[in-house]
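The values are calculated or read from the model by the stated rules, or taken from the named source; none is laboratory data. All of these numbers come straight from a predicted model, not from anything done at the bench. Glycine gets a Cβ as well: all are built from the backbone with ideal geometry, and neighbour counts include every protein chain shown.
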Amino acid sequence: MLKTAHQEIKKAAKKLKLSDSELDELLRVENEHEFTIELTSGKKVQAFRMQHSSKRGPYKGGIRFHPDVDFDEVKALATLMSFKTAAVNIPLGGGKGGVIVNPKELNDTELEELSRKYVQGLHEHIGPKQDVPAPDVNTNGRIIDWMVDEYSRITGDTSRASFTGKSLKNGGSEGRIAATGRGGFLVIEELLKQLGRADQALTFAVQGLGNVGEYFVRTLQQQRPNWRVVAVSDSSATIFDKDGLDIQTFLAYKEGKGRFAHYEDDRAQVRSSDTILSVQCDVLVLAALGNAITEDNQDAVQASFILELANGPVTAEAADMLQKRNIEIVPDIIANAGGVIVSYLEWQQNMENESWSEEVVHRKLEDAIISATRDMLVTARKEKVHYKTAAFMNAIKNLM
């Protein structure tokens, strides 16, 4: 992922005629924090916090608890977060955190202890005006609430602006859970409006129906009944129906913990999980994990557009090959920025001791992400570059 991030940044930097020293400065990570957490049980785990750029404001970025977390991944995601906040023009920088751990192997007591000790190891380097972490893979509002409490206990801070993604009762924001999926919908809707295609009966295939994918399809169904979701997938299978899936029925099935491989419907077809990439559709939505499309499988894609709702789901090599086939990629630094935009709005509410309605949050999210999408399209047309390069070019301009 670090390689892909750097390649995209270098491509945009070359277009902007940046010098080698200017590029080096853009890629430089300001602070790298690595430490060991030892639990009362004797378990030891490695923890990280990377702080890439504070040029535009406090570092911002999630914390993931996962056995595959590593130094380079966290570094890459911190770098991408700086470019994401710059691309959507919010006054925050980029950071990322992680712990090499499988939280499913911890009981609740150990999970809370881990969360609090993560803050103990970093409290001097984070805070409302310095670095504002948030939940990410395998972390959630409950974990963040523990972290906020620990930070407050150590420092005396009462603003609760030290972290975002908190529970509503603890200073969290309305609209936060749906933000990334909703934001992705707003991006693709605006793009298709600008291209004069939004009123067409378009088809979508969605890889990954977790939180982000779910809220994407929910918003799509509510706002654009003329658009059909013809395929969805999880790690076990792809479900396909050329006439469009009944999303409400499907989400109810998913909530019952059903694996897609076991789905039964007379109309829908159950296919292999990777079949989702080859579904003929207008928009392929990648809402699962990174590196979903590589140079080895990119030739299977039959969509006109790819919406990157996951972080880094298309490698740089695959992106070049897809673009040569006139398949446009709506990049993650715009497409999935809804989450960080609403995180910023949560931080703003905490700093100002306010609490906004869901309607207000939705409106502010829409204003920010549509503005960023339009800026990307303007740059793409003016500079005759693909959307991905245009978004990074705009981010670099805001970071310079």
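Pull out all pairs, ordered by first then second residue, where Cβ-Cβ is under 8 Å, the residues are six or more apart or on different chains, the first lies in segment 265-277 and is hydrophobic (A, V, I, L, M, F, W, C), and the second is surrounded by fewer than 18 Cβ atoms within 10 Å (Cβ to Cβ) and in a helix (DSSP H, G or I).
Matching pairs, first to second residue: Val270/Ala261; Leu277/Ala300.
Looking at Ala76, Ala47 in this structure, which one is surrounded by 21 or more Cβ atoms within 10 Å (Cβ to Cβ), in a helix (DSSP H, G or I) and not acidic (Asp, Glu)?
Within the list Ala76, Ala47, the selection yields Ala76.
Go through segment 157-211 residue by residue and tally those that are closer than 30 Å to His123 by Cβ and not polar (S, T, N, Q).
Residues in segment 157-211 being closer than 30 Å to His123 by Cβ and not polar (S, T, N, Q): 15 in total.
State all residues of segment 348-365 that are exposed (fewer than 12 other Cβ atoms within 10 Å of the Cβ) and of a type in the set (Gly, Ala, Ser); if no residue qualifies, say none.
Ser357 - this is the single residue of segment 348-365 that is exposed (fewer than 12 other Cβ atoms within 10 Å of the Cβ) and of a type in the set (Gly, Ala, Ser).
Taking the condition of being touching a strand residue (DSSP E or B) at 6+ places or on another chain (Cβ under 9 Å) and either of a type in the set (Ser, Thr, Tyr) or surrounded by fewer than 17 Cβ atoms within 10 Å (Cβ to Cβ) (or both), how many residues in segment 290-322 meet it?
Number satisfying all stated conditions: 6.
Do we find that Leu195 is closer than 30 Å to Arg374 by Cβ and either small (Gly, Ala, Ser) or in contact (Cβ under 8 Å) with a residue 40 or more places away in the chain (or both) in this structure?
no
In segment 6-16, is there at least one residue being in contact (Cβ under 8 Å) with a residue 12 or more places away in the chain, in contact with a Phe, Trp or Tyr (Cβ under 7 Å, 6 or more places away or on another chain), assigned by TED's automatic domain parsing to the domain that holds Leu106 and not hydrophobic (A, V, I, L, M, F, W, C)?
No: segment 6-16 contains no residue that is in contact (Cβ under 8 Å) with a residue 12 or more places away in the chain, in contact with a Phe, Trp or Tyr (Cβ under 7 Å, 6 or more places away or on another chain), assigned by TED's automatic domain parsing to the domain that holds Leu106 and not hydrophobic (A, V, I, L, M, F, W, C).
Would you mind finding the one in Ile126, Ile100, Ile90, Ile144 that is farther than 30 Å from Thr389 by Cβ and out of contact with any strand residue (DSSP E or B) (no Cβ under 6 Å at 6 or more places or on another chain)?
Exactly one residue qualifies, and that residue is Ile126.
Could you give me the residue pairs with C-beta distances under 7 Å whose first residue belongs to segment 176-190 and is without any contact (Cβ under 8 Å) to a residue 40 or more places away in the chain, whose second residue is of a type in the set (Phe, Trp, Tyr) wherever it lies, and which are 6+ apart or on separate chains?
From segment 176-190, the pairs are Phe185/Phe216.
Could you look through segment 144-167, keep only residues that are surrounded by fewer than 23 Cβ atoms within 10 Å (Cβ to Cβ) and of a type in the set (Val, Ile, Thr), and pick out the one that is farthest from Glu354 (Cα to Cα)?
Only one residue tops the list, namely Ile154.
Is it fair to say Lys397 is of a type outside the set (Asp, Glu), at positive phi and surrounded by fewer than 17 Cβ atoms within 10 Å (Cβ to Cβ)?
Judged against the criteria, Lys397 is not a match.
A quick yes/no check of all residues on (1) in contact with a Pro (Cβ under 8 Å, 6 or more places away or on another chain); (2) part of a helix (DSSP H, G or I); (3) closer than 29 Å to Pro128 by Cα; (4) not hydroxyl-bearing (Ser, Thr, Tyr):
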position: Ser343; (1), (2), (3), (4): no, yes, yes, no
position: Trp347; (1), (2), (3), (4): yes, yes, yes, yes
position: Asp367; (1), (2), (3), (4): no, yes, yes, yes
position: Ala372; (1), (2), (3), (4): no, yes, yes, yes
position: Arg381; (1), (2), (3), (4): no, yes, no, yes
position: Ala390; (1), (2), (3), (4): no, yes, no, yes
position: Ala395; (1), (2), (3), (4): no, yes, yes, yes
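Please tell me if Leu114 is part of a helix (DSSP H, G or I), assigned by TED's automatic domain parsing to the domain that holds Glu328 and modelled with pLDDT of 95 or more.
no
Do we find that Ala372 is outside the structural domain of Thr85 (by TED's automatic domain parsing) and either at pLDDT below 95 or touching a His at 6+ places or on another chain (Cβ under 6 Å) (or both) in this structure?
no
For residues that are assigned to a helix (DSSP H, G or I) and either among the aliphatic types (A, V, I, L, M) or touching a Ser or Thr at 6+ places or on another chain (Cβ under 8 Å) (or both), tally how many sit in segment 80-102.
Residues that pass the stated criteria total 5.
For residues that are touching a helix residue (DSSP H, G or I) at 6+ places or on another chain (Cβ under 7 Å) and not in a helix (DSSP H, G or I), scanning just segment 323-341, find the one that is surrounded by the fewest Cβ atoms within 10 Å (Cβ to Cβ).
Glu328
So how many residues does segment 309-362 have that are among the small types (Gly, Ala, Ser) and either within 17 Å of the chain's Cα centre (by Cα) or in the same structural domain as Val74 (by TED's automatic domain parsing) (or both)?
Residues that pass the stated criteria total 7.
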